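The values are calculated or read from the model by the stated rules, or taken from the named source; none is laboratory data. Not measured: the values here are computed from a predicted model. Because the Cβ atoms are built from the backbone with ideal geometry, glycine has one as well, and the counts that use them run over all protein chains shown. Please note that ligands, DNA and RNA were not included when accessible areas were found on the heavy atoms of the full protein model with its side chains. Shrake-Rupley method; radii C 1.70, N 1.55, O 1.52, S 1.80 Å.
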Amino acid sequence: MQKLAEARKAELLAGGVELHPVHNATRKLATHFWGSAWMKQLAHCESGGMCLAPGRTLLRHGCVLDVRISRCAITALVSAEELYEVELQLEPLDDETKEAMAATCSTHIDSLLSLLEGKVDATVLEHLCHPETGLLPSPADWRMHCSCPDWAEPCPHAAAAIYAAGCLIDAEPALLFTLRGTSPEELIQQPAAAPMVLDTTRISDIFQIDLDIPSP
């Protein structure tokens, strides 16, 4: 399996194809906060019946020859019996969910770095990492397509792409926010202050003067 993947990768590179391979043979697959949170969420999905174990095997054997994350999408090339093209899509966070997250983050997080490193208090982490309503996708959030003939969802190749994406997120946490259709900056942005409205009647009473200020 691994030798065949290496041979295919060499052939593609020789043909001028740009590849971004992901090969992770470690047991934990992630070492930083958001990558570890991604893997923990996948374990939660697996306990709910999502078959992901074959994807870990493909990843650890170097079969993910290319993987890329863009807004709400993952694309990948995975080597198995053949070379398969994988396309995964996620719905962006809806406005209500995003606004709730932003409200929590803006009052508890004072720096972009803290959010990207996961160095925030438990209230924020509970909100952002909730298995059903947080940043991390649940099984119902995925839309999957693979060029293989396997009808399973996910097929092993899609599962490999999902794990590979977690490895990329482990190295570059901002990719998780891109994948969910938002950005770290958007979530920690302070809400705009409401415009000040002068109560002219009260001011007139206090200072015993007449004010003629047009209403806003």
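Whole number in Å², please: accessible area per residue of the chain, 1.4 Å probe, ligands, DNA and RNA not counted. Don't skip to the answer; put the middle values down first.
On the way: 12260 Å² over 216 residues.
With all protein chains present, the chain gives 57 Å² per residue.
To the nearest 10 degrees, how steeply does helix 95-108 sit against the main Cα axis of the chain, on a 0 to 90 scale?
Here the helix axis deviates by roughly 70 degrees.
Taking the Cα centre of the chain as origin and charging only Cβ (+1 Lys, Arg; -1 Asp, Glu), how large is the dipole, in debye to the nearest 20? Display every interim value, and only then the final one.
Numbers: 15 positive and 30 negative charges, 234 e Å.
So the magnitude is around 1120 debye.
Under a GNM of the chain (C-alpha, springs under 10 Å), which listed residue has the highest mean-square fluctuation: Glu81, Glu91, Glu46?
For the chain, modelled as a Gaussian network with Cα springs under 10 Å, the answer is Glu81.
Using a basic spin-label model with each label point 7 Å from the Cα along Cα→Cβ, how many nm lie between His44 and Thr26?
2.2 nm
Mind checking the angle between helix 33-47 and the chain's longest principal axis? C-alpha axes, 0 to 90 degrees, to the nearest 10.
With both axes taken from Cα atoms, the answer is about 70 degrees.
Loop by DSSP (not H, G, I, E, B), at most 11 other beta-carbon atoms within 10 Å: where is the longest site-free stretch of the chain for trypsin sites (Lys or Arg not before Pro)?
Values: sites that count: Arg27, Lys28.
The longest uninterrupted stretch comes out as 29-216.
Please turn the phi angles of the range 112-125 into ³J(HN,Hα) values with the Karplus equation 6.51 cos²θ - 1.76 cosθ + 1.60 (θ = phi - 60°), one per residue in order, whole Hz, x for glycine and proline.
The phi angles translate into 4, 4, 4, 5, 5, 8, x, 9, 9, 6, 4, 4, 5, 4 Hz.
Give, in nm to one decimal, the length gained when the segment between Glu99 and Thr133 is fully stretched (0.36 nm per residue of separation minus the Cα-Cα distance).
On the way: separation 34, 0.36 × 34 = 12.24 nm, distance 1.25 nm.
Difference between extended and current length: 11.0 nm.
Going down the table (Lys3/Lys119; Lys40/Lys98; Lys3/Lys28), which pairs top 30 Å between alpha carbons? Don't jump to the answer; show the numbers that get you there.
Numbers: Lys3/Lys119 40 Å; Lys40/Lys98 22 Å; Lys3/Lys28 23 Å.
Pairs exceeding the cut-off: Lys3/Lys119.
Of all the accessible heavy-atom surface of the chain, with the other protein chains kept in place and a 1.4 Å probe, what percent is carbon and sulfur? Show your work: numbers first, answer last.
Values: 6650 of 12260 Å².
Answer for the chain is 54 percent, counting heavy atoms of protein chains only.
Relative contact order, percent, of the chain when contacts are C-alpha pairs under 8 Å separated by at least 6 residues?
Numbers: 333 pairs, mean separation 61.1, N = 216.
Normalised by residue count, the contact order of the chain is 28 percent.
For Leu90, what is the net charge nearby, where nearby means another residue's Cβ is under 15 Å from its Cβ and Lys, Arg count +1, Asp, Glu -1?
Details: positive: Arg68, Arg71, Lys98, Arg143, Arg180; negative: Glu87, Glu91, Asp94, Glu132, Asp141, Glu153.
With Lys, Arg at +1 and Asp, Glu at -1, the neighbours total -1.
From largest to smallest, what semi-axes in whole angstrom does the range 129-178 give when each is the square root of 5 times an eigenvalue of its alpha carbon gyration tensor? Each step should come with its number before you reach the end.
Working: eigenvalues 96, 42, 12 Å².
Here the semi-axes work out to 22, 14, 8 Å.
Determine the calculated [θ] at 222 nm for the chain from helices alone, applying -39500 (n - 2.57) to every DSSP H run no shorter than 4 residues and normalising by the residue count; nearest 500 deg cm²/dmol. All intermediate terms of the calculation are to be shown ahead of the outcome.
Numbers: 10 runs with 98 residues, N = 216.
Mean residue ellipticity, 222 nm, calculated: -13000 deg cm²/dmol.
May I ask for the angle, rounded to the nearest 10°, between helix 2-14 and the longest principal axis of the chain, with both axes built from Cα atoms and the value confined to 0 to 90°?
70 degrees
Consider just the alpha-carbon atoms of the range 16-92 and return their Rg together with their Dmax, both in angstrom.
For the range 16-92, the Cα radius of gyration and maximum Cα-Cα distance read 13.2, 41 Å.
Near the amide H of Ala73, under 5 Å away, which other amide H atoms are found, from residues 5 or more places off or on another chain, if H is placed in the peptide plane?
Answer set, sorted by chain and number: Leu90.
Computed on alpha carbon atoms, what radius of gyration and Dmax characterise the range 1-146, expressed in Å?
When restricted to Cα atoms, the range 1-146 yields Rg and Dmax of 17.5, 52 Å.
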